[in-house]
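Working notes, beginning with the structure itself.
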């Protein structure tokens, strides 16, 4: 079987070495309807009527779908140019009318960053949180008495009567009265999001040279879009193995979609089957829910991660289940929070973030030195990045200090915030998991380690409102920025223009997401549209913190400390022994109770297939098989995106292959 895919090369820069203006403008233009797509995925009545959420995996199916549409336009542009040349002898359409590989990748990266900002774990949660406790406050829940006074007037709308048309629906955002009503809180929160995202960009600029050029990490996540756009798609889309994988995965998704609409049609692998239902007696019933399912896209994406990582993810996931059984046998399973997965997750991820910074410390020190002593382009970028971090830090301190939050709480919160951002970025660059669901957030960690009184009611309230940018971290913009610099190296793109493009798409993505959410809220009614459960849970948690002040959580602190020790041990053993099979990132990723629960079995299948291929055919067989697994991803993504768009058009739920 011919395999032109194996001859594809990304090492030579294209003929267009700059980030073109039209690629940036097209990405900015696409960002607005893309934000609408992400927000309207909730459906008319919230989660139950919504569609698949694209941003819960490391590759977003909405962005892949958009890039494929643009790739489909390229032949049309070439045909138009040829028509004018042949018919009229004119160069009516420029020779480079079609989008180049580099331009397609720029659009992919920029729209991915915009999708991260407007994603399921970021602004899709933040915008509903701002006024939810105002409208839903009642004498029973006591929200008004407990924390309304701690919510700054410039970050919310406290007059309940002014929110009636938004929460009741059948109205429009696009009136002067409604636009003026939301202007102040939206602009303040948008400013915070834009500043934080730009600070992530500054950190990325400082570590870029070390992590892209010196260490030469593998960046598995970008392999799929890189291969997809190679030679305008002609390399991959003509490969027989790719087409086979795409047809199989797309066919499964189509069949499952028909099964969702017409139950008499059999489904195939796309639903969760709870294996835990067969363990009904003690101590095995402590296993709880043990879902298994076959997701082709998860199998395909897991094929690109190292074997020791995929093995570690499913091994540690099952190990945690057995830990519950052991806890029941030992008589400690009844302890609140056991086995403290959130606390373990914090310890593991914090350790990974700190170790990443520690290993890069000498390079960072050199960056600081050259930033203010040299005039070369790299030194100038570092200088602007350091200045950006300083100015951003000042903005954050002023922003949160104005809400009454103690300075040490602000410093602690954002130290944890950026440590996690660095950890996720490093893990994405090094091993590229199919998803990274992190079940902790900085304010919960501060409460566990310091108690509620030291943070204060104002700090707890403001941090709770900010929960919308700190949920699960599946859609995180910083890893995509670093992957973008890797793509810039591969495609020969201008770093300076790419940096400016990221800033522009951050601004457009943030503001367009606010427009998309509030426009739909006024139409369907904010009382039912969008996220409801997370808002209710967040403010009920805040209520409990204020009613029953919490002291240091010894169990959580112990679990976090143990996780730090275990992660450190795994890193040391991994460096000491080449054959060591347990990856510290696998331990951290396995602690997710969302994505890992859904995908662990698919990761297990991908690990088994990849291991067999390496044993039987070695690296050559692995490379020849890559198009098939990319096909699994693209096939399910395309059909899944179509189901989503159909559901949006018909205003009814369709089959979800992502939750």
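The residues of the range 331-390 that are assigned to a helix (DSSP H, G or I), loosely packed, with under 12 Cβ neighbours inside 10 Å and either in contact with a strand residue (DSSP E or B) (Cβ under 7 Å, 6 or more places away or on another chain) or touching a residue at least 60 places away in the same chain (Cβ under 8 Å) (or both) amount to a single one, 377.
With respect to residue 601, is the statement that it is under 22 Å from residue 341 (Cβ atoms), within 25 Å of the chain's Cα centre (by Cα) and not in a helix (DSSP H, G or I) true?
no
Within the span defined as the range 638-653, one or more residues are buried (at least 22 other Cβ atoms within 10 Å of the Cβ) and over 30 Å from residue 239 (Cα atoms).
Determine if the range 209-223 includes at least one residue that is within 22 Å of residue 598 (Cβ to Cβ) and in contact (Cβ under 8 Å) with a residue 24 or more places away in the chain. Spell out the reasoning first.
Of the range 209-223, the ones within 22 Å of residue 598 (Cβ to Cβ) are 220-221.
Adding the requirement that they be in contact (Cβ under 8 Å) with a residue 24 or more places away in the chain leaves 220-221.
Yes, the range 209-223 has at least one match.
Would you check if there is a residue in the range 277-298 being at pLDDT 90 or above, part of a helix (DSSP H, G or I) and closer than 27 Å to residue 563 by Cα? Yes, the range 277-298 has at least one match.
Checking the structure you have, find out if any residue of the range 74-89 is part of a helix (DSSP H, G or I), touching a helix residue (DSSP H, G or I) at 6+ places or on another chain (Cβ under 7 Å) and at pLDDT below 95. Yes - at least one qualifying residue is present in the range 74-89. Those helices (runs of 4 or more DSSP H) of the range 468-576 in which at least 2 residues are over 30 Å from residue 59 (Cβ atoms), considering only elements entirely within it, cover 495-524, 533-547, 554-576. Scanning the range 518-528 turns up no residue that is out of contact with any helix residue (DSSP H, G or I) (no Cβ under 6 Å at 6 or more places or on another chain), farther than 24 Å from residue 115 by Cα and touching a residue at least 12 places away in the same chain (Cβ under 8 Å).
Residue 157 passes every criterion in (1) closer than 22 Å to residue 37 by Cβ; (2) outside any helix (DSSP H, G or I) apart from (1). Applying a threshold of 8 Å to beta carbon distances and a minimum spacing of six or more residues, or different chains, the list of pairs starting in the range 625-653 at a residue that is at positive phi and ending at one that is at pLDDT below 95 reads 651/43; 651/44; 651/49.
Filtering the range 160-175 to residues that are over 18 Å from residue 523 (Cβ atoms) and out of contact with any helix residue (DSSP H, G or I) (no Cβ under 8 Å at 6 or more places or on another chain) leaves only 161.
Of the residues making up the range 429-442, one or more are at pLDDT below 95, surrounded by fewer than 23 Cβ atoms within 10 Å (Cβ to Cβ), in contact with a helix residue (DSSP H, G or I) (Cβ under 9 Å, 6 or more places away or on another chain) and within 24 Å of residue 156 (Cα to Cα).
The values are calculated or read from the model by the stated rules, or taken from the named source; none is laboratory data. Small disclaimer: the values here were computed from a predicted structure and weren't measured. All Cβ positions, glycine included, derive from the backbone under ideal geometry; neighbour counts span all protein chains shown.
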